[in-house]
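Colleague: The structure under discussion is supplied below as structure tokens; questions concerning it will follow.
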Amino acid sequence: MLNNNNTQNGQRKTLRCASYTRKSHEEGLDQEFNSLDAQKEAAEAYIESQKLQGWKAIPYRYDDGGISGGTMERPALQRLLADIDAGKIDVIVVYKIDRLSRSLLDFMKMIELFNEKEVSFVSVTQHFSTTDSTGRMFLGILITFAQHEREVIGERIRDKVAAAKRRGKYCGGPAALGYDVDRENKKLLFNQSEAPLVKLIFRRYTQVGSVLIRPGALPNMSVSPSRFSFRFRIIFPT
């Protein structure tokens, strides 16, 4: 896609360049100069270095802060793709390939759009060309490793959360039925008033293989239905 033969009627054609930036976490985004600004600065410096080739940065920002690269549901990315489809952009510049996407499938879909609209794609820190099959192969390898890294990070986070839950640590969200949250110490505490209901549910399951509790089977307890109706199919007596 990257084509430096940029002449039209003997004159250098201006190439409209858009820089896209992304950061997975919101941490640090409130700083005066954050990761998105650093990526933007590097991309604009690269565009400036290609000024003799007719490159010119457009005055719009496409920044996605605090959004994973594993999804296409990113406001700035959707605006970028819409502008590409409308023919407003000639070159996309990113700091690293994985800033655009960490999903191989999503990335290849975007590459197809870039090819269709004759839009060039450039990474400031990773030099490659997608004008031949070898370049496209190496690009696929790079994005595959980016996707692998995202999945490994996700597995580590899930393992950490599971280990914390086994130790009785509070990991966010509503407390399970039978527990209260000690938010200061990030621990789960037994709720003695709800304990009989929890025991009833498990006892009923071992007896009939279902957590469906029919009218009249519930003891007289002051437990709000909102505490557990989203977890168990329980018919309340009227």
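Computed from the coordinates by the stated procedures, all read-outs in this text should not be read as laboratory data. The structure displayed is predicted, hence computed values, not measured ones.
Colleague: Among the lysines, select those whose C-alpha is under 23 Å from the C-alpha of Lys117, and discard any that sit fewer than 8 residues away in the same chain.
Modeller: Lys13, Lys51, Lys56, Lys88, Lys96, Lys109
Colleague: Also: Find how much the distance from Thr144 to Arg203 grows on full extension, using 0.36 nm per residue of separation minus their present alpha carbon separation; answer in nm with one decimal.
Modeller: 16.4 nm
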